[in-house]
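So the structure is just underneath, and the comments pick up after that.
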Amino acid sequence: MKRPPGFVIVVALLAAGALLRMLLGPAADDSGLRVSLSIPTGEVLSLRATAVLSAALVGAVLGLSGLALQSLLRNPLASPFVLGISSGAGFGVACVLVLGYLFAWSGAGLFGREVFGAVAGAALSLAIVSRFGRQTDGHDPTTLVLSGVILGAIFSAGTALLEHMVPFGLRGDLLSWMAGRLPELPSRGELIVVAVAAVGGFAVLARRTQALDVSMLSDDEARSSGVNLGALRGTLFWTGGILAGVAVAYAGPIGFVGLVGPHIARRLLGPRHAALVPGSALAGAALLVLADAVRQAIDLGSGRLPVGVVTALAGGPFFLWLLRRGAWRS
Amino acid sequence: MEILTTALLAGMRLSQRYGATVALHETTIEVERGQILAVVGPNGCGKSTLLRALAGLAHGEGAGGFSLFSSKVPSREHRAKVMAFVPQRPDLAADFTAREVVQLGRFARGADEYAVGDALRAVGLRVRSELPMRVLSGGERQRVAVARALAQIDGADPCVLLLDEPFSGIDPGEVSRIVGALRATAERGAVVLSLHDPGLARAIATHAAVMSGGRIVSHGVASEVLVPETLTKAYGHPIDQVAGWLAPRIEPSR
């Protein structure tokens, strides 16, 4: 297969973001808070390399999740954040945290329970939102997005309610985590879970690129072409839900990467899933690494600014631009 | 249900209801090799429902028996290799080019650029095949849908092609071009198409089934079935034969 040049652009974006994130740091000369570019060594090097890897993996997971949801609902506006699925996953994690507090679970192995809670919350909200948006012929975009926004608000309120049931120390964690924050010192186990999600999600989608292309036709055409639409949609539902859940359990609800990643891929690589699947993963990774570099430049190593703030400030306007272009009427 | 038939495609006692409405009532129909069968009748008489049921797309209670090449329960894969369906309102992914959409038709049988090229030529879209669907006109999109179905069963012998109102929004010159492609397809199988225009049905079909109220009220050779008396009864409005063409009676304007 001929490699489209769009891949070069996406990979270059990812490389540029990674390089920037590696070199950016607080100025060494204590002359107030200023940013400097320097080649890291030793412990700093390994810290920053882990940060890049972590951002790239979460970005890829979010990009793939967004692509799965967009293909499932046949709508370019779908993404875990917009449809309230991230909030649902966040609510699931908050439930696990509260349960963990009430039953005094130990810290070890808590991430596994968080992932479980997040996936359950994501699946629940995805089921609700796709039921609301369903009409006789596919999904109505307006209803879909509206119910996603409302659902997100409900789940966020539920999370805020739960937050008041736990002591203050845990509460502070929850609050900044809800804004979407990449963990500063991820454990090896957490990184492995996210890596497995990224590779697994990619493999599941990459095996079905042809069926995914055909499913972009009408349901009757896709079925009579030989696609098992029910099974395919089930796979997309669980792929989108699980990936969103893992990403949220790891880094909180980071918005708009799952929306913008697949969109950039579609723009640069065309509508075929053979290109969209790797493209969405790469574009999602590039976006989150770049956003994390920007966050690093703004917060100057203080580590207080959640990366979700950057992606929302950049991705929100992009979403509005998509609305204005009428992308949802495709 | 036991089905003993030599027909290419047979539907036995097909039924479909939408809520309280019976769209299709125990309808039995057989299609033989070489036939172009036109299904005509007034709006809402069950034409689309019958075609979807024949395509194996109906679900729900009492779908009835179904047979494709004497195989009672053809697998999804087998069905997709020998039978193609063009819905009334095809929804063609707007970002894909016309050629890419036609290539999607090869999902079951495997990629074949010759089949894709032939199908595009058959509907007269070869020169515009690299344009994305969103810039094509409604009639052109309809032709792409027909081409996708033609590509799907290219190489299948025998084959069945089902089309629900394939000529909506297509100009007369293109209608005749597509009819040519349908006739070529019927040489190695059968074509079933629903049409709202009985005159057009009479002109292109070998056989016809007239439907009314979810039932087939008349079925046979087109020239015997598509006559003013039968159609007038089915449509509930006088249908005249004007210079050989069947047309609704409309009082001349003053």
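The values are calculated or read from the model by the stated rules, or taken from the named source; none is laboratory data. Just so it is clear, the model here is predicted, and its values are computed rather than measured. Methodologically, a virtual Cβ is constructed for each residue, glycine included, from the backbone with ideal geometry; neighbour enumeration extends over all protein chains shown. We work out accessible area using only protein heavy atoms, side chains counted, and drop any ligands, DNA or RNA first. Shrake-Rupley method; radii C 1.70, N 1.55, O 1.52, S 1.80 Å.
For chain A, just say rounded, prolate or oblate: build the C-alpha gyration tensor, square-root its eigenvalues into a ≥ b ≥ c, call rounded for a/c under 1.5, and beyond that prolate if a/b exceeds b/c, oblate if not.
Here chain A falls in the oblate category.
Take each of the peptides A:145-151, B:115-121, average the number of other beta-carbon atoms within 10 Å over its residues, and list them starting from the highest.
Put in order of decreasing packing, that is B:115-121, A:145-151.
Among B:180, B:236, B:139, which one shows the highest mean-square fluctuation when chain B is modelled as a Gaussian network with alpha-carbon springs under 10 Å?
B:236
For a quick check of your reading of the filter: which GluC sites (Glu not before Pro) in the range B:158-254 sit in a DSSP loop and have no more than 16 other Cβ atoms within 10 Å?
In loop regions of the range B:158-254 (DSSP not H, G, I, E or B), the sparsely surrounded GluC sites (Glu not before Pro) are B:187.
Just how much of residue B:141 is accessible, in Å², when a 1.4 Å probe is used and the result is rounded to the nearest 10?
Residue B:141 exposes around 90 Å² with every protein chain in place.
Mind checking the per residue accessible area of chain B for me, 1.4 Å probe, whole number of Å²?
For chain B, the per-residue accessible area is 44 Å².
Mind checking which of A:67, A:287, A:20 has the largest fluctuation in a GNM of chain A, springs on alpha carbons under 10 Å?
Looking only at A:67, A:287, A:20, the largest GNM fluctuation is found for A:20.
For the protein assembly as shown, give the percent of accessible area contributed by carbon and sulfur heavy atoms, probe 1.4 Å, rounded to a whole number.
It is 60 percent, rounded to a whole number.
Which value, in Å² and to the nearest 10, is the accessible area of residue A:321 when all protein chains are kept and the probe is 1.4 Å?
Rounded to the nearest 10, that gives 100 Å².
Going by accessible area, probe 1.4 Å, with all protein chains left in place, what is the ranking of B:239, A:154, B:250, largest first?
In descending accessible area the options line up as B:250, A:154, B:239.
Average partner chain C-beta neighbours within 10 Å, per residue of A:153-164?
Neighbouring Cβ atoms belonging to other protein chains average 0 per residue here.
Ranked by accessible surface with a 1.4 Å probe, highest first, in what order do B:91, A:299 come?
Listed by decreasing accessible area, they come as B:91, A:299.
By per-residue mean of other Cβ atoms within 10 Å, what is the highest-first order of B:11-18, A:50-57, A:312-319, A:160-167?
In descending order of packing, they fall as A:50-57, B:11-18, A:312-319, A:160-167.
Within 10 Å of each Cβ in A:223-233, how many Cβ atoms from other chains are there, averaged over the peptide?
Mean shielding count: 5.
Compute accessible area for the range A:267-288 by itself and then with all protein chains, 1.4 Å probe, and report residues whose area falls by 10 Å² or more.
Buried-area filter returns A:271, A:272.
Put A:187, A:79 in order of accessible area, largest first, 1.4 Å probe: what do you get?
Ranked from most to least accessible, the order is A:187, A:79.
Could you compute how much accessible area chains B and A hide from each other, both sides summed, with a 1.4 Å probe? Nearest 100 Å² is fine.
Summed over both sides, the interface buries about 2000 Å².
For the range A:239-312, state which trypsin sites (Lys or Arg not before Pro) are in a DSSP loop and have at most 14 other beta carbons lying within 10 Å of their beta carbon.
A:304
What shape does chain B take by its C-alpha gyration tensor, where a ≥ b ≥ c are the square roots of the eigenvalues and a/c under 1.5 counts as rounded, a/b above b/c as prolate, and the rest as oblate?
Cα axes put chain B in the oblate bin.
List the chymotrypsin sites (Phe, Trp or Tyr not before Pro) in the range A:45-103 that DSSP assigns to loop (not H, G, I, E or B) and whose Cβ has at most 10 other Cβ atoms within 10 Å. Which are they?
A:103
Counting only other chains, and only Cβ atoms inside 10 Å, what mean value do you get across the residues of B:47-54?
Partner Cβ neighbours, averaged per residue: 1.
When a/c is below 1.5 the answer is rounded, else prolate if a/b is larger than b/c, else oblate, so apply that to the range B:73-212 with a ≥ b ≥ c taken from the square roots of the Cα gyration tensor eigenvalues.
Here the range B:73-212 falls in the oblate category.
Report, by chain and number, residues whose modeled amide H sits under 5 Å from the one on residue B:23, excluding near sequence neighbours (fewer than 5 apart, same chain).
Residues meeting the criterion, in which the H sits 1.01 Å from N, are B:16, B:17, B:18.
Given R₀ = 60 Å, FRET efficiency for residue B:89-residue A:161 by Cβ-Cβ distance, to 0.05?
FRET efficiency, residue B:89 to residue A:161: 0.85.
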